[in-house]
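Structure record follows, encoded as structure tokens.
Quick note: the coordinates plus some simple rules give every number you see, no bench work behind them. Quick caveat: nothing in here was measured; it's all calculated off a predicted structure. All Cβ positions, even for glycine, are placed from backbone atoms using ideal geometry, and neighbour counts span all protein chains on display.
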């Protein structure tokens, strides 16, 4: 990869980088452009791709890559071109999981607007709400709750979003979940105190 390519980021004109001249197949170029937020290249490449949901590294299509990296404008273009908003890798990880995990609020809004499954579960049962809660992304949690995320959904170990928030010390998120009537699981994580209750007995 040429060092002339803007810190390693190619700028695609079709399947050829217009900076260094390297060529790739259209699918690989689209994945690269989606991750870099090169919206002009994404628009140019989309019509060349027979399957917008084809995966690259870690089993993610361009929508997943853009979601993980917070490329909101790319998300809009891909969704308008009928990329599968609920497409998942082999572990069940969707674009909404990735955006919720990384806390990209605007991406989450676009995915929900396109009817992403708010309760999509990975193979281990983790939902987007669990991802957002564990990482303290309170604004994402609010969006997911407004979209009717299941606050009682639990992973394979019976751990809920509230459990994960408490374990990670995410007090603000825990308060949001408690206000939405979340409950501790029947198998609360050992050693986890309830910072919200300790801080405010009215919760």
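Ranked by the mean number of other Cβ atoms within 10 Å of their residues, highest first, the peptides 124-130, 44-50 fall in the order 124-130, 44-50.
Cβ crowding within 10 Å, taken as a proxy for footprinting-reagent exposure, orders 123, 148, 175 from fewest neighbours to most as 148, 123, 175.
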